[in-house]
1. The range A:108-146: which GluC sites (Glu not before Pro) are DSSP loop and have at most 11 other beta-carbon atoms within 10 angstrom?
2. Using alpha carbons only, what's the Rg to Rh ratio of the range B:232-352 with Rh from Kirkwood?
3. Can you work out the Karplus-derived ³J(HN,Hα) for every residue in the range B:55-64? Use 6.51 cos²θ - 1.76 cosθ + 1.60 with θ = phi - 60°, whole Hz, and x for glycine or proline.
4. With a sphere of radius 11 Å drawn around the Cβ of A:Glu368, what net charge do the other residues whose Cβ falls strictly inside it have (Lys, Arg +1; Asp, Glu -1)?
5. For A:Glu397, which sequence-distant residues (separation of 5 or more, or a different chain) have an amide H within less than 5 Å of its own amide H, given hydrogens modelled in the peptide plane?
6. Step through the residues of the range B:112-122 one at a time and calculate ³J(HN,Hα) from phi using the Karplus curve (6.51 cos²θ - 1.76 cosθ + 1.60, θ = phi - 60°), rounding each to whole Hz and writing x for Gly and Pro.
7. Could you check the simple spin-label distance between A:Asp313 and B:Glu39, using points 7 Å along Cα→Cβ, in nm with one decimal?
8. Any idea what the B:Gly103 label distances to the other copies are, label 7 Å down the Cα→Cβ vector, nm, shortest first?
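No value in this document is a laboratory result; all are computed from the given coordinates. What you are looking at is a predicted structure, and each value in this text was computed from that prediction instead of being measured. Note that each Cβ is placed from the backbone with ideal geometry, even for glycine, and that neighbours are counted across all protein chains shown.
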Protein chains: 2
Amino acid sequence: MTVHTRPWRACLALLSTLLAASALDAAPLERADLAAARELRQRALSSPLAYDLVRSLTTEVGPRFAGSPGDAAAVEWAVRNLERLGFSNVRRMDVTVPHWVRGRTEVSIVEPFPQKLVAVALGGSIGTEEGGLAAEVIQVRDLEELQALDDSAVAGRIVYFSQRMDRTRDASGYGRAVQVRARGPAAAAAKGAVAVVIRTIGTSNNRIAHTGATGYVDSVPPIPAVAISNPDADLLENQLASGRPVRLSLEITARELPPARSANVIAEIPGTDRSDEIVLLGAHLDSWDITPGALDDAAGVAIVTAAARLIADMEPKPRRTIRVVLFANEEFGLSGARTYAAQGSQEIARHVLAMEADLGAGPVWMIESRVAPETLPLVRQIHSVVEPLGVALGGNETSGGADIGPLRNLGVPVLSPQLDATNYFDVHHTVNDTLDKVNPEHLSQSVAVFAVAAYLAARADAPLPHLHPVDATR
Amino acid sequence: MTVHTRPWRACLALLSTLLAASALDAAPLERADLAAARELRQRALSSPLAYDLVRSLTTEVGPRFAGSPGDAAAVEWAVRNLERLGFSNVRRMDVTVPHWVRGRTEVSIVEPFPQKLVAVALGGSIGTEEGGLAAEVIQVRDLEELQALDDSAVAGRIVYFSQRMDRTRDASGYGRAVQVRARGPAAAAAKGAVAVVIRTIGTSNNRIAHTGATGYVDSVPPIPAVAISNPDADLLENQLASGRPVRLSLEITARELPPARSANVIAEIPGTDRSDEIVLLGAHLDSWDITPGALDDAAGVAIVTAAARLIADMEPKPRRTIRVVLFANEEFGLSGARTYAAQGSQEIARHVLAMEADLGAGPVWMIESRVAPETLPLVRQIHSVVEPLGVALGGNETSGGADIGPLRNLGVPVLSPQLDATNYFDVHHTVNDTLDKVNPEHLSQSVAVFAVAAYLAARADAPLPHLHPVDATR
């Protein structure tokens, strides 16, 4: 939760809490709804559907990076399976996506002790010129340490960022470490570096490197950027510790192709008397190019699809429409999310709640929200049904997730079941993100939480008002 | 331990035990020796030497496969470090080694759902013809299931062996599973298969495949052979479970070059009044080509080197000579071990005990032996000093290890501190066998056990008689 440093903010927060407390008696759900939700919870815990979907997507499609043949195959897979499962209004929403291809990546220590390193190009990295490049390495911990260096110490060198990511349940370790991946190449280029090598943004000691998007700035010519695995980073540091100059060679054949076509895939469980209002369940269909993306984000696709499918069988029926959105290209620029949020204010106004699953296969350990104060009693009622699954109740300032971020910024209320990220970053954005990493029980627990939350939100009698739009540039 | 199924064997074993028990009073070591051994144990536990050696070998040399530049660099490294550490008679023993090069290995499922697989060629595999090969897969569990098939079911196909290795402390799971790697390609070729794919002989769920030697037979033309990682094996089986024909493509550019020169590296801590007798501490200097071999076998090199170095500082001095032998090319045919054992009977007769470290970085959990009955009291005294380190006393029928196997077969007594192999096969023969996998405390405990055992064997007053040679062809 955020610490309020300004008095008026603290006052507002207190006011919210008091308003919410006073609304407790006006519980927004019928007893029958809660009983049905408990039944739904139990059905979800024993349903094999989500695991079957993860297996199917990783087996039949596998890697599905924006613009690749796998991306198109994933869209076909999604349409086919959503139709097979009896969803209504299954459709594609066209999305234009960037199309970056990785090619080969070869990184070696050439001095003082030659060894090949396990490396991957960061997503969006430019390639090296033919024949590659070689230069001496300068080690810095992070962006701050880089900025403290004189440009002359960096010019002509390869900058190596050594900071190691912390393992955390709430993914905060990732949030801190990923700055180097996102901004390191541009920052190093601005000081005249010829390339960037980062210690992998990941928590495992496997000799497997983690990719992920990097970015450049228009004012500085881009330089190639790669991640090396944690053991390779250790090796590089041990060679640097010898006190002798360390030279690396890099050869990368990555390149950017013209933009390609992809699609958000949308499917619905129609509501009854409030069918015009939408409870959105989102996940992303794409993966990085090197991985079948079982956790990222086949698991999310499976969680939201299975949750919606289980809701369809419930009595009483959901009053609001449950909409599953499988977003295109989350990984390399949120293309699907931006396209979805650009539908116009009338369409966005129909969205009364958004939830996203994009942090692995669970279990859910906390529910956070960002809803109007008058909706907090509903959040608490939802929590009361999933609390026996080991779920805590968090605060009301969640960011919600990357793909529903644009909706949140437009004022759409958000409910965030927090997936346990403790081990997620062992395999995130790597070849190692495979089906065997999915724990079926954790996955089912996650389905149960998403299903209960979406169902009760779709049943609630009270309106679910929007919040003020967020200035995303703040 | 072996179960005796023949009465005369049981009788012999009983006789050994009785003889050994009667020799208990004739404890072969002085009280001062045991006190010194306890001091040695403590010094070993606090010595950083072994870990420093693993770091040095993996940082400064890395992969060191027989015949490669790394192999030559490792020999230089060993000579340099053994001299630096004050060993006597540091020398090379020339060894001719085979020289296989891996080249590229690319394996993909091409039908029904195309995906690239993480694969490595098995050591010694032939390459495919240019452009590779593609064929339908037939799945069998193991050699037995293959043999049960009619040749017509196998001819023209790629045989996939699905058996999964069991995790065990004593490496018995490896012993069972590795049969498929060693003999599968020849067995499948004999039935007309065009290639073999095995589920990796390893226990981790990482998307990293394990290499290791395979072999062919003269009577059948060889076929290419690869291992795929456990998650890739799961994927292949999930595609096979679809009921649709599964086709794989393989392209391997492996080839055999002319034999190369390498060397066993030998160094000694000279004994005093029995310096002509040798207590041998062995490990292997080579590694597979794809790995820095921190556990396999930089750890073994470090354990035996550190143990001998610590013994050199002890008072009273070892009466027998402690000889460290760092064998060439254990991995791909035991070249160094064979060369060493071919020195002639007079030289072999000088070896009164052999110990080997080649199962990771410890800890030691048991001591086994294969010694004459009259030496068993010494084994028990050794055990009494290391028992506080959590070491059990095993039987007297150990195989000892691969590199000292030829000596054992010639009748040289063997003492086997058993290194805990529970996690060893997570990284064995993979790129993932890196320094971070070495637990410094486990490594030091292992050094302590090897040091105490070698020291007390070198101090013992009683002779350490040879056993009858073993018919290794039995």
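1. Sites meeting the loop and neighbour criteria: A:Glu129, A:Glu130.
2. For the range B:232-352, the value is 1.23.
3. Listing the rounded values in order: 4, 5, 5, 6, 7, 8, 10, x, x, 8 Hz.
4. For residues surrounding A:Glu368, the net value is -1.
5. Long-range HN contacts for A:Glu397: A:Ser369.
6. Once rounded to whole Hz, the list reads x, 10, x, 8, 6, 10, 7, 9, 10, 5, 6.
7. Distance between label points: 7.5 nm.
8. Spacings between copies for this position, smallest first, are 2.5 nm.
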